Amino acid sequence: SPLLEVRGLTASVKETGHQILAGVDLTIREGEIHAIMGKNGSGKSTLTKVLVGHPHYEVTGGTILFKGEDLVDMEPEERSLAGLFMSFQAPIEIPGVSNFDFLLMAVNARREKSDLPALGPLEFYSVVSSKVDALKMDPKFLDRNVNEGFSGGERKRNEILQLSVIGADLALLDEIDSGLDVDAIEDVAIAVNGLLTPQNSVLMITHYQRLLDLIKPSYVHIMENGKIIKTGDSSIATQINEGGFKSIALV
Ligand code: ADP
Ligand code: MG
Ligand code: MG
């Protein structure tokens, strides 16, 4: 079965009942890179949040299968342990928890699930510091509280550090290029490409061709009004870049 299979997914804002996802179909197989593009407000971020079980949204119809298992009734933490990773468009701060401790906890929670012995701080430090170097981050980041006082670009790099250390079968990357300068986008793209194996997959949301030139998608989807209305190869992204969304023929 595919890694992720979404069928007829509808979802609403829990508090108001306002529907945002209006029947999303999406299939992601192992080793594939998918990109979602679409105008502001089309539901891209909501789709990724619903996939990870964000508490503000309620699934009202359809199915989400991840590795053949129904995700809808799983807690966000269980989804993450099952191998789903999400970088938030606006990553959250976790006061009082250092980056190092956060990463060590996350890694050990996964090791425990696989019946592997917990890593100690010293052992873990050598793993994590090589990733910090690869992302050209200041090692001092490890001692700082998660995302507290980070600049936009630092937060984005930190999300990719989390992904590189924790690993994932499917990484959902929501606008990882936003707020990054050109050099930082390149560092992040190199890190993401370095994580790709024939077994794991990426779903990225972006407005920019630049990111898609660096992380080459197998499929590009266009989202509008809570649905994926077109799927194609990376030439769709080039077309949007040159002529805007209106240049995409929907048939
Ligand atoms: P995109 O990521 O494509 O820009 P979003 O998924 O963030 O779009 O939002 C889709 C639409 O749903 C927008 O109109 C947004 O205002 C609305 N929306 C998303 N989340 C909420 C929420 N928690 N409460 C109310 N409206 C929301
Ligand atoms: Mg938006
Ligand atoms: Mg968004």
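Nothing in this text is a laboratory measurement; each read-out follows from the coordinates by a stated rule. These numbers were taken from a predicted model, which means no experiment stands behind them. Quick reminder, even Gly has a Cβ in these numbers, built from the backbone with ideal geometry, and neighbours come from all protein chains shown.
A full extension of the chain between Asp70 and Gln209 corresponds to an added length of 46.7 nm, given 0.36 nm per residue minus the alpha carbon distance. Mean separation of Cα pairs under 8 Å and 6 or more residues apart, divided by the residue count, gives segment 4-247 a relative contact order of 29 percent.
With a Förster radius of 41 Å, plug the Cβ-Cβ distance of Ser151 and Arg7 into 1/(1 + (r/R0)^6) and report the FRET value to the nearest 0.05. It comes out at approximately 0.55. Using the average count of surrounding beta-carbon atoms within 10 Å as a protection proxy, the listed peptides 120-130, 185-195 rank, highest first, as 185-195, 120-130. Stretched out straight at 0.36 nm per residue, the stretch from Asp133 to Asp101 would grow longer than its current Cα-Cα span by 9.7 nm.
Taking a label point 7 Å from the Cα of Thr238 along the Cα→Cβ vector, which residues of segment 190-227 have an amide N closer than 12 Å to it? Backbone N within reach: 213. Potential lengthening of the chain between Thr197 and Glu58 amounts to 46.8 nm, from the contour at 0.36 nm per residue minus the alpha-carbon distance. For the peptides 70-81, 201-212, the ranking by mean Cβ contacts within 10 Å, running from highest to lowest, is 201-212, 70-81. With Cβ to Cβ distances under 9 Å as the rule, what net charge do the other residues near Leu135 carry (K, R +1; D, E -1)? Local net charge: +1. Shown here for segment 1-53: GluC sites (Glu not before Pro) in loop regions (DSSP other than H, G, I, E, B) with at most 10 other Cβ atoms within 10 Å, namely Glu15.
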